[in-house]
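The next block holds one structure in the form of structure tokens; read it before the comments.
The values are calculated or read from the model by the stated rules, or taken from the named source; none is laboratory data. Bear in mind the structure is a predicted one, so any value in this text is a computation, not a measurement. Quick reminder, even Gly has a Cβ in these numbers, built from the backbone with ideal geometry, and neighbours come from all protein chains shown.
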Amino acid sequence: MRRVQRLLLILAGCFCAGLAMAAPVAGAQDGVTTRELLHFLHIFLFVFWLGPDVATWIWSRKAVDAGTPPEMQAVSRQMMVRVEMISRASMSLMLTIGGLLSHYIGLEHPWWQMAGIVLLGPVWLLLTLVGFFRDGTAFGATAVRLETALRWLVIVAVPLSVTWSTLSGRLDVAPYVGAKLLLFAAVLLCWQLLRTGVPRSRLYPATVWVGLLAAALLGVMKPGVPQADGLQVGQKEAPHMAGLPSLQVQAD
């Protein structure tokens, strides 16, 4: 377990060092903006949710395969738990990073909603880490119960929030965000059912993977975003292009 902790600390240190090196310097033009950083984190979390989730399913099949030696089954269960931790940590931060990123595409959040968005990720991640590293203790068991309750709360709250935002017109500027949130809730529901008593099958893991890929596709295509002067809402012209006449190519 200590090796896992050291590895996480090393990865976190390398990640922070890379961001520090990429940070803008006073008077310089290069650097990572807040929006670019959030966009990178959003992609990072997607990759480290989907990839380890596939690996977890593969290890779980080995753990229950009657043809697998008992020693290998034990190793498979250990690997399944550890690899799944990566997916769980990524999942816990997804709504916070996505919510902050949505501000840059024109979605305005009331102060109370923004406070909830900012607090959700750190609290969820903390419960996930405590439940993992303090497994087998009363403190760890409490963290697991609280995290499970939080997941169910998110599963219920997200569709209600999307419904309210759609009816109030808040999502008119980026309707695809509502679809992504509903996919997140559906994926989380399948993920939760798979781990809380529902017999394992290929249907639930496949649904999770397809849901994540569909959400990523929506984020790339951004369907339904209003167009203005050839730019999508939330995009800005490059500073050196602002004010310059556009060139049009006409067919003969």
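Of note:
- For region 221-233, a residue qualifies if it is at pLDDT 70 or above, of a type in the set (A, V, I, L, M) and loosely packed, with under 14 Cβ neighbours inside 10 Å, and exactly one does: Met221.
- Qualifying position, being touching a Phe, Trp or Tyr at 6+ places or on another chain (Cβ under 8 Å), buried (at least 16 other Cβ atoms within 10 Å of the Cβ) and under 27 Å from Leu160 (Cα atoms), among Met80, Met91: Met91
- Tally, over region 103-134, of residues that are more than 30 Å from Gly224 (Cβ to Cβ) and either touching a Phe, Trp or Tyr at 6+ places or on another chain (Cβ under 7 Å) or surrounded by 14 or more Cβ atoms within 10 Å (Cβ to Cβ) (or both): 11
- Under the condition of being free of Cβ contacts under 8 Å to residues at least 60 places away in the same chain, within 19 Å of Glu36 (Cα to Cα) and not hydroxyl-bearing (Ser, Thr, Tyr), the residues counted in region 66-120 number 6.
- Of everything listed in (1) crowded, with 19+ Cβ neighbours inside 10 Å; (2) more than 18 Å from Ser87 (Cβ to Cβ), the single unmet condition for Thr163 is (1).
- Residues within region 140-175 that are free of Cβ contacts under 8 Å to residues at least 12 places away in the same chain, more than 22 Å from Met91 (Cβ to Cβ) and assigned to a helix (DSSP H, G or I), tallied: 3
- Of everything listed in (1) of a type in the set (D, E, K, R); (2) within 22 Å of the chain's Cα centre (by Cα); (3) modelled with pLDDT under 85, the single unmet condition for Arg88 is (3).
- Qualifying residue in region 190-198 (condition: closer than 18 Å to Gly51 by Cα, in contact (Cβ under 8 Å) with a residue 60 or more places away in the chain and not hydroxyl-bearing (Ser, Thr, Tyr)): yes
Condition check ((1) at pLDDT below 80; (2) outside any helix (DSSP H, G or I); (3) more than 17 Å from Val208 (Cα to Cα); (4) of a type in the set (S, T, N, Q)) across all residues:
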residue	(1), (2), (3), (4)
Val25	yes, yes, yes, no
Ala28	yes, yes, yes, no
Gly31	yes, yes, yes, no
Leu37	no, no, yes, no
His42	no, no, yes, no
Trp57	no, no, no, no
Arg61	no, no, no, no
Gln73	no, no, yes, yes
Glu84	no, no, no, no
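- Candidates Leu167, Leu203, Leu171, Leu218 - the one that is touching a Lys or Arg at 6+ places or on another chain (Cβ under 6 Å) and at pLDDT below 95: Leu218
- Meets criteria (surrounded by 13 or more Cβ atoms within 10 Å (Cβ to Cβ) and of a type outside the set (A, V, I, L, M)) for Ser168: no
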